[in-house]
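What follows is a set of notes on a single structure, which appears directly below.
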Amino acid sequence: DQQVKQNSPSLSVQEGRISILNCDYTNSMFDYFLWYKKYPAEGPTFLISISSIKDKNEDGRFTVFLNKSAKHLSLHIVPSQPGDSAVYFCAASVTGTASKLTFGTGTRLQVTL
Amino acid sequence: DAEITQSPRHKITETGRQVTLACHQTWNHNNMFWYRQDLGHGLRLIHYSYGVQDTNKGEVSDGYSVSRSNTEDLPLTLESAASSQTSVYFCASSVSRGSEAFFGQGTRLTVV
C-alpha cells in the first residue's frame, strides 16, 4: 500500500516555464514533508521541506505548497532550467522518527530548451 | 569536507552468498539509514539506527541485518542473497530526528 503517491511518472517543461510536481499521501500521521532531487548514478539530495504547521515554504526558485485537508503537496520550480532535469521524490515522515522517510515513486522532470 | 561514502559502488554476487555493503559518514551524525530503490516503489527503508548499539527494522527488513558499533559506520548484511534483493542500495544519515537526511551515492547490487 503506497502511502505517498506521485501519480505522474514523467513531466516535460520548456526552459523558463513553471514546473509543477504533485504528491498525494494517505497517512494522516505524516507531518513533515520533503522533496529530494536525484540525478542518475547519484544519491538523492535534499531540496526543500515543509512542516504541517505551514502551507507554503519558499527557497529561491523552489516553492512547496501543502494542502493538509486534501493530503496533497506540490513543488513549483520557477523558472525551470535545464539543470533541473532529474527525478524528484516526495517524502514524508512523522516528526520524532528521525528522518524515517516514506518515499513516493518519483517523477522524472525534463526541462527542454 | 564531511561526507557519506558507500562501498562498493557495484557488486555482483551469487544466490545464497553473504554480502556486506559498507556505509561510512564523517559528519558524526547519530542517525543512519539504509534504503533500497526499485522501479515502481521509490525508496524503501530497510533498517535504521539512532546511535551506537541501536538498530531498528524498517519496512523491508527481511533478509537484511545491520550493526552499529561506532558512530561513523552502518554496514548492511544480506545473510543469504536472493535475486529479489537485486536493487540499488542507499545509505543516509541525519543530525537529528526530523531533520533532512543526506544520502550516499548508492551501491548497485546484482544477485545472479
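The values are calculated or read from the model by the stated rules, or taken from the named source; none is laboratory data. The shown structure was predicted, so the numbers you read here are calculated from the model rather than taken from an experiment. For neighbour counting, all protein chains shown are included, and Cβ atoms are generated from backbone atoms with ideal geometry for every residue, glycine included. Please note that ligands, DNA and RNA were not included when accessible areas were found on the heavy atoms of the full protein model with its side chains. Shrake-Rupley method; radii C 1.70, N 1.55, O 1.52, S 1.80 Å.
Points to keep in mind about this one:
- Screening B:THR107 against (1) over 12 Å from the mean Cα position of the chain (by Cα); (2) more than 7 Å from chain A (Cβ to nearest Cβ) leaves a single unmet condition, (1).
- Any chance B:ALA81 is over 21 Å from A:PHE103 (Cα atoms), part of a strand (DSSP E or B) and of a type in the set (A, V, I, L, M): no
- Selection within segment B:52-67 - facing chain A (nearest Cβ under 9 Å) and either basic (Lys, Arg) or assigned to a strand (DSSP E or B) (or both): B:ASN56
- Considering segment A:11-30, the residues that are within 13 Å of chain B (Cβ to nearest Cβ) and modelled with pLDDT of 95 or more include one that is least open to solvent (accessible area, probe 1.4 Å), namely A:CYS23.
- Count of segment A:1-44 residues which are touching a helix residue (DSSP H, G or I) at 6+ places or on another chain (Cβ under 9 Å) and either part of a loop (DSSP other than H, G, I, E, B) or of a type in the set (Asp, Glu) (or both): 1
- Answer residue from segment A:83-105, given it is open to solvent by 10 Å² or more (accessible area, probe 1.4 Å) and more than 12 Å from chain B (Cβ to nearest Cβ) and is nearest to the chain's Cα centre (by Cα) among those: A:SER85
- In segment B:6-20, the residues that are basic (Lys, Arg) and outside any strand (DSSP E or B): B:ARG9, B:ARG17
- Candidate set from segment B:20-43 (those that are among the polar types (S, T, N, Q) and open to solvent by 10 Å² or more (accessible area, probe 1.4 Å)); member that is nearest to B:ALA81 (Cα to Cα): B:THR20
- Restricting segment A:51-66 to residues that are closer than 25 Å to B:ARG97 by Cβ and assigned to a loop (DSSP other than H, G, I, E, B), the residue that is least open to solvent (accessible area, probe 1.4 Å): A:SER52
- For segment B:21-51, the tally of residues that are within 11 Å of another protein chain (Cβ to nearest Cβ), assigned to a loop (DSSP other than H, G, I, E, B) and either touching a helix residue (DSSP H, G or I) at 6+ places or on another chain (Cβ under 8 Å) or of a type in the set (S, T, N, Q) (or both) stands at 1.
- Which listed residue, of A:SER74, A:SER80, is open to solvent by less than 70 Å² (accessible area, probe 1.4 Å), in contact (Cβ under 8 Å) with a residue 24 or more places away in the chain, part of a strand (DSSP E or B) and not charged (D, E, K, R): A:SER74
- Test: residue in segment A:31-40 that is more than 8 Å from every other protein chain (Cβ to nearest Cβ), more than 18 Å from A:LYS5 (Cα to Cα) and within 12 Å of the chain's Cα centre (by Cα): no
- Within segment B:1-30, residues that are aromatic (Phe, Trp, Tyr) reach partners that are assigned to a strand (DSSP E or B) with beta carbons closer than 7 Å, at six or more positions or on different chains, in the pairs B:TRP27/B:SER93.
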